[in-house]
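Contents: one structure, followed by commentary.
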Amino acid sequence: MKASVIVFPGSNCDRDVQVALGQSIGNAPDMVWHGEAEIPETDLIVVPGGFSYGDYLRSGAMAAQSPVMRDVVAKAKKGVPVLGICNGFQVLTECGLLPGALMRNAGLKFVCKDVHLSVEETESVFTGGYEKGQVIRIPIAHHDGNYYADDETLDRLEGDGLVAFSYCGPDGGKASKSGNGANPNGSARDIAGILSDTRTVLGMMPHPERLSDPALGGNDGRVLFDHLVKALG
Amino acid sequence: MKAKVHVTLKQGVLDPQGKAVENALAALGFGGVTGVRQGKVIEFELSQTDPEKAQVQVEEMCKKLLANTVIEDYAIDIAEG
C-alpha cells in the first residue's frame, strides 16, 4: 500500500502521521509538497495537522487554494480515501470535500489535552477497526475546532450515519451530560469527526497519530491506521 | 477603484469573541451595549474602473476566498480613487 502525506508551509504533524501510518504500513508514506500540481499514484491521502499558511485569513483557507489541493479534490472525487486531521479537517471543509466549518473554540482558548471519543460509525475504511459505541482516548490540540453546520446538515450527517466520532464522557456518556469540558470546543452535537457522503473522506479534530504507540501513553489511534492498511492494502 | 470588504459571522452563529468584548464593555461601565459582532476588514485596490464590474468581481472573491459563506456574511464597499 502506498500513502501520501501533504505538506504545507506551517504543517507540523506531517512527520508524526508519516511515522504513525508508516509503522502500520511497513514503509514510510510519501511526503508531497503543497506546490505540486499532481500527487503520484496513491492509495490514501493524508492532510495533516498544523497551521498551514499561518492560519492566515481563516484556518485552512489558504491551503484549500493551493495547487496540490486541486489534485486532492480530483482524486477524492475518483474515490481515493482522504484523511484530514485537525488542520487537515479545516482544509477539507474549506475546499468543500466535507460540509460545515470549524470555528473558534467556544471557550476562546487553545485546548491541548486527551479527550474521550465515542465511535459512532464503523462502516468506513477509517473506523472499521473499532466497535460501534467504543470509547477511545485521543489527544486534541487546536484553537479552531468548534464544528458548525446548519441544522439541516447536522440532521443529515446524523441520519445518514456520517458522524464518525463524537466527544463523550470517560464512560461514553453524552458530552453535554458529562460536564468537565467533555465537549472541549463547543462543537455542534458534540461532533469530533465526520465522513463524506461516500464515506471515503474523513475529517477529525483529534490526533490519532499522537496515541499510536504504547510508549506515548496509548494505542487507540493505531487502530485507525492498522485498519486503513487492512482495508486498502 | 478601492474595495473594502467587511466579513462578520452570520447572525445566528455564536460569536464568542464578540460576546467577550460585549462583557468587557459592560464591565467598563458602558451600559446598554448588545449584539457585539467581531469581524475583519480587507482592503485592496482594483485596476477595474467600472464600479458595477468591480462589484461583481469582488463578490466572486468573497464567495471563493475572502469569506466562508457557511459561517460568514460579507459586505462590499467600492469607492472611486
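Among the residues that make up the stretch B:46-66, is at least one of them in contact with a helix residue (DSSP H, G or I) (Cβ under 9 Å, 6 or more places away or on another chain) and touching a residue at least 60 places away in the same chain (Cβ under 8 Å)? Walk me through it before giving the result.
Step one: filter the stretch B:46-66 for residues in contact with a helix residue (DSSP H, G or I) (Cβ under 9 Å, 6 or more places away or on another chain), giving B:46, B:48, B:58, B:64-66.
Now restrict to residues that are touching a residue at least 60 places away in the same chain (Cβ under 8 Å): B:66.
Yes, because at least one residue in the stretch B:46-66 is in contact with a helix residue (DSSP H, G or I) (Cβ under 9 Å, 6 or more places away or on another chain) and touching a residue at least 60 places away in the same chain (Cβ under 8 Å).
Regarding residue A:4, is this residue touching a Leu at 6+ places or on another chain (Cβ under 9 Å), closer than 20 Å to residue A:231 by Cβ, in contact (Cβ under 8 Å) with a residue 12 or more places away in the chain and part of a strand (DSSP E or B)?
yes
How many of the residues making up the stretch A:73-91 are closer than 16 Å to residue A:49 by Cα, away from every other protein chain (no Cβ under 13 Å) and hydrophobic (A, V, I, L, M, F, W, C)? Even if it seems obvious, please write down each step before you answer.
Pass one, the stretch A:73-91, residues closer than 16 Å to residue A:49 by Cα: A:82-91.
Okay, now just the ones that are also away from every other protein chain (no Cβ under 13 Å), so A:82-89.
Pick out the ones that are also hydrophobic (A, V, I, L, M, F, W, C) and you get A:82-83, A:85-86, A:89.
Result for the stretch A:73-91: 5.
Can you list residue pairs whose Cβ atoms sit under 8 Å apart, with the first residue in the stretch A:44-69 being touching a residue at least 60 places away in the same chain (Cβ under 8 Å) and the second being of a type in the set (Lys, Arg)? Count only pairs 6 or more apart in sequence or on different chains.
Filtered contacts from the stretch A:44-69: A:44/A:2.
Name the residue, out of A:75, A:109, A:113, that is surrounded by fewer than 24 Cβ atoms within 10 Å (Cβ to Cβ) and over 30 Å from residue A:217 (Cβ atoms).
A:75
If residue B:18 passes every condition in (1) over 14 Å from the mean Cα position of the chain (by Cα); (2) part of a helix (DSSP H, G or I) but one, which one does it miss?
(1)
Can you name every residue in the stretch A:110-126 that is without any contact (Cβ under 8 Å) to a residue 40 or more places away in the chain and of a type in the set (Asp, Glu)?
none
What number of residues within the stretch B:28-43 are farther than 30 Å from residue B:55 by Cα and of a type in the set (Gly, Ala, Ser)?
Residues meeting the conditions: 3.
When the residues of the stretch B:8-31 are filtered to those that are of a type in the set (Val, Ile, Thr) and more than 9 Å from chain A (Cβ to nearest Cβ), which remaining residue is farthest from residue B:42 (Cα to Cα)? Outline the logic, then answer.
Taking the stretch B:8-31 first, the residues of a type in the set (Val, Ile, Thr) are B:8, B:13, B:21.
Next, only the ones that are more than 9 Å from chain A (Cβ to nearest Cβ) stay: B:8, B:21.
Values: B:8: 11, B:21: 21 Å.
That would be B:21.
When you check residue B:54 against the structure, is it at pLDDT 95 or above, over 30 Å from residue A:151 (Cα atoms) and within 13 Å of chain A (Cβ to nearest Cβ), yes or no?
Answer is no for this residue.
When the stretch A:78-92 is examined, which residues are found to be over 15 Å from the mean Cα position of the chain (by Cα) and either over 24 Å from residue A:165 (Cα atoms) or surrounded by 24 or more Cβ atoms within 10 Å (Cβ to Cβ) (or both)? Can you show your working first?
The initial filter retains those residues of the stretch A:78-92 that are over 15 Å from the mean Cα position of the chain (by Cα), namely A:78-80.
Hit for the stretch A:78-92 is A:78, nothing else.
Kindly indicate whether residue A:46 is more than 14 Å from chain B (Cβ to nearest Cβ), over 15 Å from the mean Cα position of the chain (by Cα), in a strand (DSSP E or B) and β-branched (Val, Ile, Thr). If you could, list the steps in order and put the result at the bottom.
Numbers: more than 14 Å from chain B (Cβ to nearest Cβ): yes; over 15 Å from the mean Cα position of the chain (by Cα): no; in a strand (DSSP E or B): yes; β-branched (Val, Ile, Thr): yes.
No; evaluated as a whole, the condition is false for this residue.
Does the stretch A:84-107 include one or more residues that are touching a His at 6+ places or on another chain (Cβ under 8 Å), in a loop (DSSP other than H, G, I, E, B) and without any contact (Cβ under 8 Å) to a residue 40 or more places away in the chain?
no
The rows are residues; the columns are (1) part of a loop (DSSP other than H, G, I, E, B); (2) within 14 Å of chain B (Cβ to nearest Cβ); (3) within 25 Å of residue A:80 (Cα to Cα); (4) within 15 Å of the chain's Cα centre (by Cα).
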residue: A:130; (1), (2), (3), (4): yes, no, yes, no
residue: A:133; (1), (2), (3), (4): yes, no, no, no
residue: A:157; (1), (2), (3), (4): no, yes, yes, no
residue: A:180; (1), (2), (3), (4): yes, no, no, no
residue: A:206; (1), (2), (3), (4): yes, no, yes, yes
residue: A:210; (1), (2), (3), (4): no, no, yes, yes
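Of the residues A:16, A:55, which is charged (D, E, K, R), within 14 Å of another protein chain (Cβ to nearest Cβ) and buried (at least 16 other Cβ atoms within 10 Å of the Cβ)? Write out each step before concluding.
Working: A:16 fails: within 14 Å of another protein chain (Cβ to nearest Cβ).
It is A:55.
The values are calculated or read from the model by the stated rules, or taken from the named source; none is laboratory data. Quantities reported herein were computed from a predicted structural model and do not represent experimental measurements. Quick reminder, even Gly has a Cβ in these numbers, built from the backbone with ideal geometry, and neighbours come from all protein chains shown.
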